[in-house]
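*Asks:* This is the structure I have questions about; it appears just below.
The values are calculated or read from the model by the stated rules, or taken from the named source; none is laboratory data. Note that the coordinates shown come from a computational prediction; the quantities given were computed from them, not determined experimentally. Please note: Cβ atoms are built from the backbone with ideal geometry, for glycine as well, and neighbour counts cover all protein chains shown. Ligands, DNA and RNA are stripped out before the accessible areas are found, and what is left, the full protein with its side chains, is counted by its heavy atoms. Shrake-Rupley method; radii C 1.70, N 1.55, O 1.52, S 1.80 Å.
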Amino acid sequence: MQKIHFLFDELSFAEVIAHGGGTPILTRRVLNKSVSESCNFLDFTILPPGSDIGIHTHTNDNEEFYIIVSGSGRMYSDGEYYEVSAGDVIVNRPGGTHALRNTSENEIRMVVIEVPVSLKS
């Protein structure tokens, strides 16, 4: 049976440079397309102070949601910068360009969900 309950404190994380960011973040993919037909992936991610997810552009066949669980930082989305913090949900649109930097002294904990988008012909 597929696990359906995940806790940040019980996961092991991989250290990665995300999308050309300047410093490593920690991430753990808990679901992917081979397990769930409703999403491309579900990641638990930690951005240590000063770390970032680099500026990147998605294809038009998916959209991505950042759910900020704790911490705060500065989001870039399609030419605009704004502050984000615990409780915020950011929708990264299909074909959108975005990035996130932890500008605080505390880690950011977030859940990242990417879902497929049907392309209309």
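*Asks:* Take the residues in the range 88-103 that are open to solvent by 20 Å² or more (accessible area, probe 1.4 Å) and in contact with a Gly (Cβ under 6 Å, 6 or more places away or on another chain); name whichever of them is nearest to residue 117 (Cα to Cα).
*Replies:* Step by step, filter the range 88-103, then rank; the result is 101.
*Asks:* Any residue at all in the range 74-87 that's open to solvent by 20 Å² or more (accessible area, probe 1.4 Å), in contact (Cβ under 8 Å) with a residue 60 or more places away in the chain, hydrophobic (A, V, I, L, M, F, W, C) and under 25 Å from residue 10 (Cα atoms)?
*Replies:* First pass over the range 74-87, keeping only residues open to solvent by 20 Å² or more (accessible area, probe 1.4 Å): 74, 76-83, 85-87.
When the remaining residues are screened for being in contact (Cβ under 8 Å) with a residue 60 or more places away in the chain, the result is none.
Looking for residues that are open to solvent by 20 Å² or more (accessible area, probe 1.4 Å), in contact (Cβ under 8 Å) with a residue 60 or more places away in the chain, hydrophobic (A, V, I, L, M, F, W, C) and under 25 Å from residue 10 (Cα atoms), one finds none in the range 74-87, hence no.
*Asks:* So, one more: Name the residues in the range 104-116 that are closer than 25 Å to residue 34 by Cα and surrounded by fewer than 16 Cβ atoms within 10 Å (Cβ to Cβ), would you?
*Replies:* Scanning the range 104-116 gives 115, 116.
*Asks:* Quick check, is residue 67 crowded, with 17+ Cβ neighbours inside 10 Å and either touching a strand residue (DSSP E or B) at 6+ places or on another chain (Cβ under 8 Å) or under 19 Å from residue 9 (Cα atoms) (or both)?
*Replies:* Working: crowded, with 17+ Cβ neighbours inside 10 Å: no; either touching a strand residue (DSSP E or B) at 6+ places or on another chain (Cβ under 8 Å) or under 19 Å from residue 9 (Cα atoms) (or both): yes.
Criteria not met by residue 67.
*Asks:* Among the residues of the range 31-61, what is the count of those that are under 15 Å from residue 112 (Cα atoms), in contact with an Asp or Glu (Cβ under 7 Å, 6 or more places away or on another chain) and either open to solvent by 30 Å² or more (accessible area, probe 1.4 Å) or not hydrophobic (A, V, I, L, M, F, W, C) (or both)?
*Replies:* 2
*Asks:* Within the range 7-25, can one find any residue that is open to solvent by 90 Å² or more (accessible area, probe 1.4 Å), closer than 18 Å to residue 115 by Cα and not hydroxyl-bearing (Ser, Thr, Tyr)?
*Replies:* Keep residues of the range 7-25 that are open to solvent by 90 Å² or more (accessible area, probe 1.4 Å), which gives 9-10, 15, 17, 19.
Narrowing the set further to residues that are closer than 18 Å to residue 115 by Cα leaves none.
There is no residue in the range 7-25 that is open to solvent by 90 Å² or more (accessible area, probe 1.4 Å), closer than 18 Å to residue 115 by Cα and not hydroxyl-bearing (Ser, Thr, Tyr).
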